[in-house]
1. For the chain, what does the helix formula give at 222 nm: sum of -39500 (n - 2.57) over DSSP H segments with n ≥ 4, over the residue count, nearest 500 deg cm²/dmol?
2. Full extension from residue 178 to residue 56: what is 0.36 nm times the residue separation minus their Cα-Cα distance, to one decimal in nm?
3. How long is the gain from residue 2 to residue 154 if the chain were fully straight, where each residue apart is worth 0.36 nm and the alpha carbon distance is subtracted?
4. Given all pairs of different Cα atoms, what value in angstroms does the Kirkwood hydrodynamic radius of the chain take?
5. May I ask you to give the percent of accessible area on segment 6-63 that is carbon plus sulfur, with a probe radius of 1.4 Å?
6. Using a cut-off of 13 Å between beta-carbons, work out the net charge of the residues near residue 150 (Lys and Arg +1, Asp and Glu -1, residue 150 not included).
7. Using Cα atoms only, what is the angle between the long axis of helix 203-215 and the major principal axis of the chain, expressed in degrees (0 to 90) to the nearest 10?
8. Taking all protein chains as present, what is the carbon and sulfur share of the accessible area of segment 65-130, in % to the nearest whole number, probe 1.4 Å?
Amino acid sequence: MIVKKYKAILKNIEHPIEGIYTLTFSSENGKFKYNPGQFLHLALDTDYDGIGQWPESRCFSIQTSPGQDDIKITYAVKGKFTRQMEKSLRTGDKIWLKLPYGDLFTRPHDKNHTVFISGGTGITPFLSLFTDASFAQYTHPVLYTGFKSETFNIYEEELQKALQINPAIKIQRTYENMDGMLNIRDIFNENGQHATYYISGPPMMIKTFKNYLSESGVVADNILTDDWE
């Protein structure tokens, strides 16, 4: 799929939790084209003309499915760029986006027993698949998703849509303040060597979980990660 620059309007800013923002964009120059699990580059340079060298930007997973007109992302304020986003972005702003990037779900993988593991906002690339009609093709999918607390689970609407598209999905929510952190050993013991594992979340979580699965005999092709950062 060809990467394209889109001049987008920031339609909506949601701020459900301190330090967490969900942004919704519409395109001014054609419908957004991407596949589930892909990501975009967002630039804050208001002087960019769409022709010259691409300005400083940051990557964000696309949360919405390709069938929707608008694109949604959720980000946590971490670092200089996201602090600038928090400070400067307002509803109605015109922002440059460049997409799509990534091949998370277009890489060959077995859809018969797929295990999705996410931490915090790492669930967003999975939601772009879960809310797409193609998710019905997966048999026995399982989601293990971890949050600091119930307050940080702002994705129930998408998860309920996932259940409508694929009623076979099993969703296990883990809240750190009540249940502790996600435990990769328990997840592996429940699903075994032959499942396909997707991991998305903080870099250290991805590294630790990936290493555990590899050392437990899961072949490299069955461990796929969303770690473009």
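1. Result for the chain, helices only: -6000 deg cm²/dmol.
2. 40.0 nm
3. Once the chain is fully extended between residue 2 and residue 154, it gains 51.6 nm.
4. The Cα-based Kirkwood calculation yields 18.3 Å.
5. 46 percent
6. Overall, the nearby charge balance is -1.
7. The answer is roughly 30 degrees.
8. For segment 65-130, the apolar C and S fraction of the accessible surface comes to 46 percent.
The values are calculated or read from the model by the stated rules, or taken from the named source; none is laboratory data. Predicted model only: the values in this text are computed from it and were never measured. Virtual Cβ from ideal backbone geometry, glycine too; neighbours counted across all protein chains shown. The accessibility values were calculated without ligands, DNA or RNA, using every heavy atom of the protein model including side chains. Shrake-Rupley method; radii C 1.70, N 1.55, O 1.52, S 1.80 Å.
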